[in-house]
Amino acid sequence: MNLLQVNDISHSYGSRKFFDWKGNSSKKVLENVSFTIDEGTCFGMLGSSGAGKSTLGKVILGLEQPLSGKVLFQGHDFYTADKHIRHKIRRELQVVFQDSYSSVNPRLTAERIIAEPLENYEKLTIAEQKRTVIHLLERVGLSETDMKKYPHQFSGGQLQRINIARAISLKPKLIVLDESVSSLDMLNKNLILDLLMELKEEYGLSYFFITHDIKAAYTISDTLGILDKGKLVEFYDSKSQFFSSEHHVVKEMRDSILAEHPRNRSIRIKYETT
Ligand SMILES: Nc1ncnc2c1ncn2[C@@H]1O[C@H](COP(=O)(O)OP(=O)(O)OP(=O)(O)O)[C@@H](O)[C@H]1O
Ligand SMILES: [Mg+2]
């Protein structure tokens, strides 16, 4: 079943029209983008820097109203829906950004950070809320002893786990993951990707996984798309379709990984092979 339908979205910043008063066209950041995300699946959105990926994420989250087109979440258009539906959509759509530190208030403990959405949406007793926070901390691989710690006492990977715990606290339907693993080292990146895949199964989550990391996208995604200069130039229903793609953006990304392999380097460094 379609959870999210993105229908013919176009957007540009700074002007409500694509042409300014002199008749010059303002640059389109998104151009006629359409795709769907099914319930329980991950759509990987690949594209180079400036392609419009984060803008598309903001449009989906209801943070940036598109100039034209519609986003339907469970059949509802956030911008025309009534207050009650908007409230429900806000609850069921969550986000995790790249920079785990700037996504949290440095003055709040992990407990307060994770409890924030619960305080806004659920009427839990203090004891119930505490139990829920402990459960969430444990679910993302942290523990009760981390509750009273502040953001500066965590590593980037641990803090990203706290951001994920906060995002899943209300059992949302869709999480926009905007470069959520991009600033992590290889080991932490793989651990967080494993955690995201487990949570997806357990909670029946869907992801809009924004990245320029072809390996991460390939690992986690069920369907994939390439955004190039604001246009969705490719859509792949399966990983095998994506793997054999001859599109230049995919080829460039694939080559950039292959170039990392020692065999493909002109200068071999001794420690790389040991
Ligand atoms: N708030 C804004 N106001 C004006 N222009 C913006 C704004 N946000 C983004 N842009 C412009 O829109 C274009 C797309 O930006 P966007 O952040 O969506 O790209 P991206 O694909 O997420 O890039 P990256 O991989 O570097 O994060 C860029 O040219 C950018 O400068
Ligand atoms: Mg971005």
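The values are calculated or read from the model by the stated rules, or taken from the named source; none is laboratory data. Only a predicted model underlies this, so the values are computations on that prediction, with no experimental measurement involved. Here the Cβ positions follow ideal geometry from the backbone for every residue, glycine too, while neighbour counts run over all protein chains shown. Side chains included, ligands, DNA and RNA excluded: accessible areas come from the protein's heavy atoms. Shrake-Rupley method; radii C 1.70, N 1.55, O 1.52, S 1.80 Å.
Please specify each residue of region 48-59 satisfying the condition of being within 9 Å of ligand 2 (Cβ to nearest atom) and in a loop (DSSP other than H, G, I, E, B).
Of everything in region 48-59, those that are within 9 Å of ligand 2 (Cβ to nearest atom) and in a loop (DSSP other than H, G, I, E, B) turn out to be Ser49, Gly50, Ala51, Gly52.
Test Gly40 against the criterion of being within 16 Å of ligand 2 (Cβ to nearest atom), assigned to a loop (DSSP other than H, G, I, E, B) and either touching a helix residue (DSSP H, G or I) at 6+ places or on another chain (Cβ under 7 Å) or modelled with pLDDT of 90 or more (or both), and give yes or no.
So Gly40 does not fit the description; no.
Considering only residues that are at pLDDT 95 or above, open to solvent by 30 Å² or more (accessible area, probe 1.4 Å) and closer than 16 Å to Gly230 by Cβ, which ones fall in region 8-37?
Hits for region 8-37 are Asp8, Glu31, Asn32, Ser34.
Has region 121-131 got at least one residue that is within 16 Å of ligand 1 (Cβ to nearest atom), under 19 Å from Leu174 (Cβ atoms) and not in a loop (DSSP other than H, G, I, E, B)?
No, because not a single residue in region 121-131 is within 16 Å of ligand 1 (Cβ to nearest atom), under 19 Å from Leu174 (Cβ atoms) and not in a loop (DSSP other than H, G, I, E, B).
Restricting region 173-190 to residues that are away from ligand 1 (no atom under 16 Å from the Cβ) and surrounded by fewer than 17 Cβ atoms within 10 Å (Cβ to Cβ), which is modelled with the highest pLDDT?
For region 173-190, the residue satisfying everything is Asn190.
Scan region 136-168 for residues that are open to solvent by less than 20 Å² (accessible area, probe 1.4 Å), under 21 Å from Glu119 (Cα atoms) and part of a helix (DSSP H, G or I) and jot them down.
Answer for region 136-168, where residues must be open to solvent by less than 20 Å² (accessible area, probe 1.4 Å), under 21 Å from Glu119 (Cα atoms) and part of a helix (DSSP H, G or I): Leu136, Leu137, Asp146, Pro151, Leu159, Gln160, Ile162, Asn163, Ile164, Ala165, Ala167, Ile168.
Quick check on my filter: what residues within region 176-190 are in a loop (DSSP other than H, G, I, E, B), within 14 Å of the chain's Cα centre (by Cα) and of a type in the set (Asp, Glu)?
Within region 176-190, the first condition is being in a loop (DSSP other than H, G, I, E, B), and the residues that meet it are 179-185.
Now narrow it down to the ones that are within 14 Å of the chain's Cα centre (by Cα): 179-183.
Matches in region 176-190: Glu179 only.
Taking the options Gly62, Gly44, Gly57, name whichever one is within 16 Å of ligand 1 (Cβ to nearest atom), more than 30 Å from Gln241 (Cβ to Cβ) and touching a residue at least 24 places away in the same chain (Cβ under 8 Å).
So the residue among Gly62, Gly44, Gly57 that is within 16 Å of ligand 1 (Cβ to nearest atom), more than 30 Å from Gln241 (Cβ to Cβ) and touching a residue at least 24 places away in the same chain (Cβ under 8 Å) is Gly62.
Are any residues in region 201-221 away from ligand 2 (no atom under 16 Å from the Cβ) and surrounded by 19 or more Cβ atoms within 10 Å (Cβ to Cβ), and if so, which ones?
Those that are away from ligand 2 (no atom under 16 Å from the Cβ) and surrounded by 19 or more Cβ atoms within 10 Å (Cβ to Cβ): Leu205, Ser206, Thr219, Ile220, Ser221.
If I go through region 38-53 residue by residue, how many of them are open to solvent by 50 Å² or more (accessible area, probe 1.4 Å) and closer than 20 Å to Ala216 by Cβ?
Counting residues in region 38-53 that are open to solvent by 50 Å² or more (accessible area, probe 1.4 Å) and closer than 20 Å to Ala216 by Cβ gives 3.
Return the only residue of Asp213, Asp185, Asp222 being acidic (Asp, Glu) and either without any contact (Cβ under 8 Å) to a residue 12 or more places away in the chain or more than 16 Å from Phe43 (Cα to Cα) (or both).
Values: Asp213 fails: either without any contact (Cβ under 8 Å) to a residue 12 or more places away in the chain or more than 16 Å from Phe43 (Cα to Cα) (or both); Asp222 fails: either without any contact (Cβ under 8 Å) to a residue 12 or more places away in the chain or more than 16 Å from Phe43 (Cα to Cα) (or both).
Result of the check over Asp213, Asp185, Asp222: Asp185.
Where residues in region 76-124 are small (Gly, Ala, Ser) and modelled with pLDDT under 95, which of them is surrounded by the most Cβ atoms within 10 Å (Cβ to Cβ)?
Among those residues, the one meeting the criterion is Ser100.
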